[in-house]
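Have a look at the structure below before the remarks.
Just so you know, all these numbers are worked out from the coordinates, no wet-lab data involved. This one's a predicted model, so the numbers in the text were calculated from it and none came from an experiment. With ideal geometry, Cβ positions are generated from the backbone for all residues, glycine too; neighbour counts draw on all protein chains shown.
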Amino acid sequence: MKKLEHEAELVIEALRIGAVYAQKRGVGKFEATDSAKNKVTFLYRLLVHDKLIQPLAKGQEDEPHMKHKLALWILRQLPEDHRLRSD
């Protein structure tokens, strides 16, 4: 797994957009008291369930790999001229 440039910022953006997605879908919302780990796990599983991302291989379902998947997901959602997209 090669770390992306701006990966931490991409994960934060993914959690922000993912929270809106989850709320609009009616499956829940993030609370201020929710841990970052719980948010990452919830959003990852929601996106896998909705078939928006492919699930990780067995044995790789840990927080760093989930964060990387979320960063890749949001990277594809961002417009070409977004500041977090650097090619």
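Could you tell me which residue of the range 20-48 is nearest to residue 67 (Cα to Cα), considering only residues that are in contact (Cβ under 8 Å) with a residue 12 or more places away in the chain and small (Gly, Ala, Ser)?
It comes out as 36.
What number of residues in the range 69-87 are touching a residue at least 12 places away in the same chain (Cβ under 8 Å) and basic (Lys, Arg)?
Residues meeting the conditions: 1.
Out of the range 54-71, which residues are out of contact with any helix residue (DSSP H, G or I) (no Cβ under 8 Å at 6 or more places or on another chain) and either assigned to a helix (DSSP H, G or I) or within 15 Å of residue 16 (Cβ to Cβ) (or both)?
64, 65
Considering only residues of the range 10-53 that are aromatic (Phe, Trp, Tyr) and assigned to a helix (DSSP H, G or I), which is farthest from the chain's Cα centre (by Cα)?
Pass one, the range 10-53, residues aromatic (Phe, Trp, Tyr): 21, 30, 42, 44.
Those left that are additionally assigned to a helix (DSSP H, G or I): 21, 42, 44.
Working: 21: 11, 42: 9, 44: 6 Å.
Looking at the filtered set, the residue picked out is 21.
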